[in-house]
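Peer 1: The structure follows.
The values are calculated or read from the model by the stated rules, or taken from the named source; none is laboratory data. Please read all numbers here as calculations on a predicted model, not as lab measurements. All Cβ positions, even for glycine, are placed from backbone atoms using ideal geometry, and neighbour counts span all protein chains on display. When the accessible area is computed, the model is the full protein with side chains, heavy atoms only, and any ligands, DNA or RNA have been set aside. Shrake-Rupley method; radii C 1.70, N 1.55, O 1.52, S 1.80 Å.
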Amino acid sequence: RAREGILCDMRFATETIDGRVADKAWHQARNGDPEHGKVTRDAIAAVTANDVHRVAAAYLTPAARQVVVVDRDVKEAALRKASRPARPRKSPKSERVIDLDGMRVVLMPDAGDLAAIRVMALGGQALEADRVSGLSRAWASMVTRGAGPYDATAFATRTDALAMVIDGAAGRSTMGISASLPADRIRGGLELVATALTEPHFDPVDVDMIVEEMLDDEAALS
């Protein structure tokens, strides 16, 4: 996943004329060849898990660690204490896993007054075929415009009643929903997010409007 993510980032970095020029200029300055980017991409594509282990074992060692402190008044004892290896973080004992309409939900409560919900899945531009280019972006724009028993107006009303901010998101390799709301309304927020994910409406009128907006954006960039 890391390797493919890096390669996708490199591909999208050169999708515009400015990006391609910047890429060639960097490789000219760094490697003396404006076309050296292909060599770099081929090398990254060939990386294996064993390569990562080998490099990590060679360089990420306690002996190679450096500590730089810009404070002449700091005590040496404090430096030694701070440089000790950190203990592995344990999952909070309060963490709970529940089932919500068939979805596995991990709850990590704290003492805050606000709650955040994040749903993330593989998707986005990198997984789109040419014939459905822009589909993930359209999904992100429409997924919160009505779902289940709520039309667009009722969905917005329910969102306001929960004092909730909810948005769809789509990137290069992921897509999902994010939301935030008062912690004491988390159950209602989870139910609304679940409804948006499992029973979205995608009203044809909204689809036409979103497609038109996306085409206008593309025309403005060309």
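Peer 1: Any residue that is closer than 22 Å to Arg158 by Cβ and either modelled with pLDDT of 90 or more or in a helix (DSSP H, G or I) (or both) - is there at least one of those in region 215-222?
Peer 2: No - not one qualifying residue is present in region 215-222.
Peer 1: Going by the structure shown, is Arg137 touching a residue at least 24 places away in the same chain (Cβ under 8 Å), open to solvent by 50 Å² or more (accessible area, probe 1.4 Å), touching a helix residue (DSSP H, G or I) at 6+ places or on another chain (Cβ under 6 Å) and more than 30 Å from Ala111 (Cβ to Cβ)?
Peer 2: no
Peer 1: Counting only residues that are at pLDDT below 85 and of a type in the set (D, E, K, R), give me the strands (runs of 3 or more DSSP E) lying completely in region 83-174 with at least 1 of them. Reasoning before the result, please.
Peer 2: Values: elements: 96-100, 103-107, 114-122, 165-170.
Of the strands (runs of 3 or more DSSP E) lying wholly inside region 83-174, those with at least 1 residues that are at pLDDT below 85 and of a type in the set (D, E, K, R) span 96-100, 103-107.
Peer 1: Quick test of your reading of the structure: Gln66 fulfils all but one of (1) outside any helix (DSSP H, G or I); (2) without any contact (Cβ under 8 Å) to a residue 40 or more places away in the chain; (3) surrounded by 10 or more Cβ atoms within 10 Å (Cβ to Cβ); (4) not hydroxyl-bearing (Ser, Thr, Tyr). Name the failing condition by number.
Peer 2: (3)
Peer 1: Taking Lys75 as the residue in question, decide whether it is open to solvent by 60 Å² or more (accessible area, probe 1.4 Å) and either more than 26 Å from Leu221 (Cα to Cα) or modelled with pLDDT of 90 or more (or both).
Peer 2: Yes; evaluated as a whole, the condition is true for this residue.
Peer 1: Are there any pairs with C-beta distances below 8 angstrom linking a residue in region 13-26 that is over 20 Å from Ala220 (Cβ atoms) to a residue that is open to solvent by 90 Å² or more (accessible area, probe 1.4 Å) and acidic (Asp, Glu), with the two at least 6 apart or on different chains, and if so which?
Peer 2: The qualifying pairs are Lys24/Glu35.
Table: residues versus (1) more than 19 Å from the chain's Cα centre (by Cα); (2) in contact (Cβ under 8 Å) with a residue 40 or more places away in the chain; (3) over 15 Å from Phe155 (Cα atoms).
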residue: Met175; (1), (2), (3): no, yes, yes
residue: Ser178; (1), (2), (3): no, yes, yes
residue: Leu197; (1), (2), (3): no, yes, no
residue: His201; (1), (2), (3): yes, yes, no
residue: Asp206; (1), (2), (3): yes, yes, no
residue: Val211; (1), (2), (3): yes, yes, yes
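Peer 1: Could you check, for region 178-195, whether at least one of its residues is open to solvent by 30 Å² or more (accessible area, probe 1.4 Å) and part of a loop (DSSP other than H, G, I, E, B)?
Peer 2: no
Peer 1: Hey, another quick one. Just need a number here: residues in region 36-63 that are within 14 Å of Ile6 (Cβ to Cβ) and open to solvent by 70 Å² or more (accessible area, probe 1.4 Å).
Peer 2: Total meeting the criteria: 3.
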